[in-house]
Amino acid sequence: MNSHSSCGLSLRLKTGVTALLLFVFQMGLVSAAPLKVVTSVPDLADFARRVGGNLVEVLSLASGKENPHAVALKPSYIAKIRSADLFIQMGLDMEHAYAPALLAEARNLRLQPGKEGFLDLGEDVQALGVPAVLDRAGGDVHPKGNPHYNLDPVQAQRMVRAIGARLALLRPAEAVLFRANADAYVREIEERLGSWKARLRGKGVRFISYHPDFAYFEERFGVRQEGTIEPKPGIDPGPAHIEALVRDMQTRKIRLIVKESFYSDRVPLELARRTGAVLVSVPIFVGATPEARDYLSMMDALVSAFTK
Amino acid sequence: MAATLGISASTSLAASPANPDLEVLRRQIDALRGDLENLQQQLNQQRLAQPYAGAPERSKKAEALASASAGAFSERVGSGQGNPRSTPAVGINPSISVAIDAVGSYSRKQDNVRLTPRDAEFVFQANIDPFARAYLVANAGSELAPAEKQGAFSEVTFGLEEAAIETTALPFGLQIKAGQFFADFTRLGKVHPHDLPFVDHPPVLEQLLGGESKGRGVELNWVPAVPYYIKLTFGAVDGLGAERSVLGGFDLNQGSASVFEAPETRGFGSLTYYGRGASVMELGESVFLHMGANLLRGRDEGTRTLWGADAKLVWRLSGGSEAELGGEVLSGRQSGTLTHPLDGSGTGGSQGKGGYVYVQYRIGKTWTPGLRFDFVRSRTLSETDSTGGAVADGLEATDETLRAVSGYLGCQISEYQRLRLQLTYAASSQAISGESKRDLQAFLQWTILLGSHQHALTP
């Protein structure tokens, strides 16, 4: 009797302990804090949010409205990076003016280059426009090549997958979910890519832009950049360059001026007035304009601008 | 595609090596692979030759040169010419950069023109290993003293400005720095001259600190993991600032100052200890308030105590424009044995206090007009000669006040080049003798950067 009673008690105790352990384990899972992700530009933040869902908290240092090479930093970014689990950047020196110093001051040992918390998406890009000669007489050149590869949706798909893989590495328990979310977003981009290509196919679009931001977009969609308003990257145009550009546009019958949204309207408007070309202001990052709410809508807006 | 073909072909061939049809297929695939590799190589060379530049036109000669250059480089790499072991070494060499700060100045009172490289700064920096980095700043330059006559090439000196090691992998947001460095003391004391918002260091920093907070010793700082930015610094150095003491003279009164004697030997008690706390409040999306407080006590030259506070309000506007209102107050006392360049020694004390306020507005990314107001008062408290009681000749008490207003206009030609014009009206007066002096000074500063020139982030 006593033995039976003690066996029952022991069984109830074991069951209770097991239930308690399961409860604690589940609570642990439920209350696991979201991964804190900091990205340099909002396109990467969009990818991270889509892949991570409510398991990530994402902050983008750039808002998308500013020149990506001159992001105005907030002091609170240091505190955010200090407690972050992952920092994602475009690389190819796009963030060289601020990211290294910011990461150094934040002193988050998990986010240093080479660690799991540091993801440089530019490392696997076959960069276009790598300068044959490095000389600042050529303007603000990027030694590693053109960093604006976010405007190629195929690169976007690669970035989404890479972010999914890195989130899975940081939180293996959610790897299946991260990979599924990444695959879903990649498929969405693939579906849109077909329609974007169809809209630009055979148009023979020739244009000038303010800065050489469209190299990868050109390659993907077959449009052709014939010049830039800046005489050299990062150098504002002077009267002589504007005159030469007007003559060039008239001679070569270039009918489209594509101005990245954060540049001044002054020179593009003058060029449009003197050449009769159509002037469009476009987003080249998520958040740059009201319609560029996420990557897909940003690319929609961009493709629409090239069909005008 | 090529990789996929390669894998499937080798797998099937391994299964039946003697099949003649497969042998033909293998040759065809090898030929295709060779063609693909050739195409890939051509594509890579075209990409290397294509510049990332916005020039609407590029001459055929330039294209040919670029192509030839890229091709030659590819061949050298491909053929393994040169010393193969030298390539990785280039990648881990320290980064080298140069800042040249040329300043021309004119003093109306002295009718004196100075044309000088105020500062030519050479910076070498690299990580030592995963745990620390080091940097070295050597500079050649001359003092910014518009009222002093300058001999051609005679007053440019070459020296070591900073040579420091700092940790990069300490836990809890800690960092230790050791060597010779610009100590984290005051807002602008640690800023290199070419990075200042104006041409010169404010007189209060010149007077009480010698312009720059240079020190030799060790500094510990901490950025705690809290939701807002805060930085706490503590340091112990063998003297801080240039050779000046609180009694250092103004530019308007060169040569009239007494100086405190330094001890011949130095224990831990006679080092200089300092601390700074700094934080930034975000007042909305685009307004930021930077604040700092500083305290120093040392026995490097007499017994010196300095304390002060600083603030800066930054308001970011659309189009890259930015308004900034900043200021700093600093006060100090010093006492000990005094010597005068001309007349003997004695004991005494001095005190100085002052500050500056500036406001500037950056219009877009090019133009920055601004105004700065300065106030400094420096006076000896008491002085007696070594025989007791009497005031030594030349050690008479002083009570000097300087007021100045400066207007400046900066023009950022590119990210790496800036011009700045500054006009300064300064008036000093001696309360005891009743003597007063006035001067109008003009500065034209031309600053350029070569290489990737970056100092640490200082919010």
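The values are calculated or read from the model by the stated rules, or taken from the named source; none is laboratory data. Keep in mind that what you see is a predicted model, and the values were worked out from it rather than measured. Every residue, glycine as well, gets a Cβ built from its backbone with ideal geometry; the counts of neighbours run over all protein chains shown.
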Worksheet item: Can you find even one residue in the range B:410-424 that is at pLDDT 85 or above and acidic (Asp, Glu)?
Response: no
Worksheet, complete the sentence: Of A:Ala97, A:Ala79, A:Ala104, the only residue that is hydrophobic (A, V, I, L, M, F, W, C), more than 15 Å from the chain's Cα centre (by Cα) and either more than 8 Å from chain B (Cβ to nearest Cβ) or under 23 Å from A:Leu134 (Cα atoms) (or both) is A:Ala97
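Sort out for me the helices (runs of 4 or more DSSP H) sitting completely within the range A:196-308 that have 2 or more residues that are small (Gly, Ala, Ser) and away from every other protein chain (no Cβ under 14 Å).
Numbers: elements: A:215-221, A:239-251, A:266-275, A:295-306.
So the answer is A:295-306.
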Worksheet item: Under 8 Å by Cβ, and 6 or more places apart or on different chains, what pairs join a residue from the range B:220-232 that is more than 7 Å from chain A (Cβ to nearest Cβ) with one that is in a strand (DSSP E or B) and of a type in the set (Ser, Thr, Tyr)?
Response: B:Leu220/B:Thr233; B:Asn221/B:Thr233; B:Trp222/B:Thr233; B:Ile230/B:Ser279; B:Lys231/B:Ser279
Worksheet item: List pairs: first in the range A:252-269 and under 24 Å from A:Ser63 (Cα atoms), second assigned to a loop (DSSP other than H, G, I, E, B) and β-branched (Val, Ile, Thr), Cβ under 7 Å, 6+ apart or cross-chain?
Response: A:Glu260/A:Ile284; A:Ser261/A:Thr289; A:Pro268/A:Ile229
Response to the item:
When the range B:275-307 is checked residue by residue, the ones that are buried (at least 17 other Cβ atoms within 10 Å of the Cβ) and at positive phi are B:Gly302
Discussion item. If B:Arg133 satisfies all but one of (1) more than 12 Å from chain A (Cβ to nearest Cβ); (2) assigned to a strand (DSSP E or B); (3) basic (Lys, Arg), what's the number of the condition it fails?
Written reply: (1)
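Which of the residues belonging to the range A:127-160 are more than 14 Å from chain B (Cβ to nearest Cβ) and of a type in the set (S, T, N, Q)?
If the condition is that a residue be more than 14 Å from chain B (Cβ to nearest Cβ) and of a type in the set (S, T, N, Q), then A:Asn150, A:Gln155, A:Gln157 are the ones that fit.
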Item to complete: Would you confirm whether any residue within the range B:184-191 is within 14 Å of chain A (Cβ to nearest Cβ), part of a helix (DSSP H, G or I) and not small (Gly, Ala, Ser)?
Response: no
Practice prompt. Can you run down the residue pairs with Cβ atoms below 7 Å, 6 or more apart or on separate chains, where the first is in the range B:411-435 and touching a residue at least 12 places away in the same chain (Cβ under 8 Å) and the partner is aromatic (Phe, Trp, Tyr)?
Written response: B:Cys411/B:Trp367; B:Leu419/B:Trp446; B:Arg420/B:Tyr408; B:Leu421/B:Tyr408; B:Gln422/B:Phe198; B:Gln422/B:Tyr408; B:Gln422/B:Phe443; B:Ser428/B:Phe250
Worksheet entry | Criterion violated by A:Asn181 - all others in (1) surrounded by 15 or more Cβ atoms within 10 Å (Cβ to Cβ); (2) within 14 Å of chain B (Cβ to nearest Cβ); (3) over 20 Å from A:Ala288 (Cα atoms) satisfied | (2)
Practice prompt. Could you grab me the full set of residues in the range A:107-126 that are within 8 Å of another protein chain (Cβ to nearest Cβ) and in contact (Cβ under 8 Å) with a residue 24 or more places away in the chain?
Written response: A:Arg107
Worksheet item: In this structure, is B:Asp195 in contact (Cβ under 8 Å) with a residue 60 or more places away in the chain, under 16 Å from the mean Cα position of the chain (by Cα), surrounded by fewer than 21 Cβ atoms within 10 Å (Cβ to Cβ) and in the same structural domain as B:Ala311 (by TED's automatic domain parsing)?
Response: yes
Fill in: Residue check for A:Ala19: in a loop (DSSP other than H, G, I, E, B), surrounded by fewer than 24 Cβ atoms within 10 Å (Cβ to Cβ) and at pLDDT below 95
no
Discussion item. Any residue at all in the range A:190-203 that's surrounded by fewer than 17 Cβ atoms within 10 Å (Cβ to Cβ), touching a residue at least 40 places away in the same chain (Cβ under 8 Å), assigned by TED's automatic domain parsing to the domain that holds A:Val141 and more than 16 Å from A:Met299 (Cα to Cα)?
Written reply: no
Worksheet item: Would you call B:Leu136 touching a strand residue (DSSP E or B) at 6+ places or on another chain (Cβ under 9 Å) and modelled with pLDDT under 85?
Response: no
Worksheet entry | Which numbered condition B:Asp439 fails, given (1) surrounded by 18 or more Cβ atoms within 10 Å (Cβ to Cβ); (2) modelled with pLDDT of 95 or more | (2)
Fill in: Residue among B:Ile413, B:Ile432 that is of a type in the set (A, V, I, L, M) and either assigned to a loop (DSSP other than H, G, I, E, B) or not assigned by TED's automatic domain parsing to the domain that holds B:Pro369 (or both)
B:Ile432
